[in-house]
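What follows is one structure encoded as C-alpha cells, with my remarks underneath.
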Amino acid sequence: MATEIEEKIVLKRILPKPNEKSMCPILMCDSDRDFACSLIIAEIENLGDKIVWNRIGREISREYILEKNFLEKIGEEVKWLDGVKPFIFDIKEYKEMLLEFEKYRIAWENSCRIISEIEDNKLMKYQIYYFLLKNLEIY
C-alpha cells in the first residue's frame, strides 16, 4: 500500500468489532496502488461467530480527495454492485486468513525493500562507473 495510514485503515476495518459494521477497501487500482485511485469497498459485519461481507461496491466520491483527512472518508459514498450476494465466513477461518495475509504482506514488503536496495546499489555502481570514465577521459 502507498502509505502507512492507508494500511492502518484497512487493518482497522477488515475485522470490525463484534456486532459492528465497517466499510473496508478490499481492492485498489494496480497501477497507482493507493486510495486516490479506483477502490472496491466491502461492507463488513461482525456477527460474533461469523463475518459477513454484506455488499461490495465501487467508491464513487472523489470530491474530498484534496481534504486533509480524506482517507477517513473512504467508504462514505459507494455505488453498490447489483446481484452480488453476501459472502459469509466463519470467524475462526477469517482470522486465520488474515494471519496468512499478514505473513505474505510482510514478505512482500521485505522483498520490495531488498529490490529497492539492489536497485540503489546498481545505481551507485553506474554512478561510480560514469565518474571513473569521465575522470579518466575515456568517455
List, please: which pairs have Cβ atoms under 6 Å, are six or more places apart or on different chains, and start with a residue in the stretch 1-24 that is under 16 Å from residue 109 (Cα atoms) and end with one that is surrounded by fewer than 13 Cβ atoms within 10 Å (Cβ to Cβ)?
2/33
For residue 77, only one of the following conditions fails: (1) at pLDDT below 85; (2) charged (D, E, K, R); (3) under 26 Å from residue 3 (Cα atoms). What is its number?
(1)
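The values are calculated or read from the model by the stated rules, or taken from the named source; none is laboratory data. Everything numeric here is computed off the predicted structure, so don't read it as measured data. Here the Cβ is made from the backbone with ideal geometry for all residues, glycine too, and neighbour counts use every protein chain on show.
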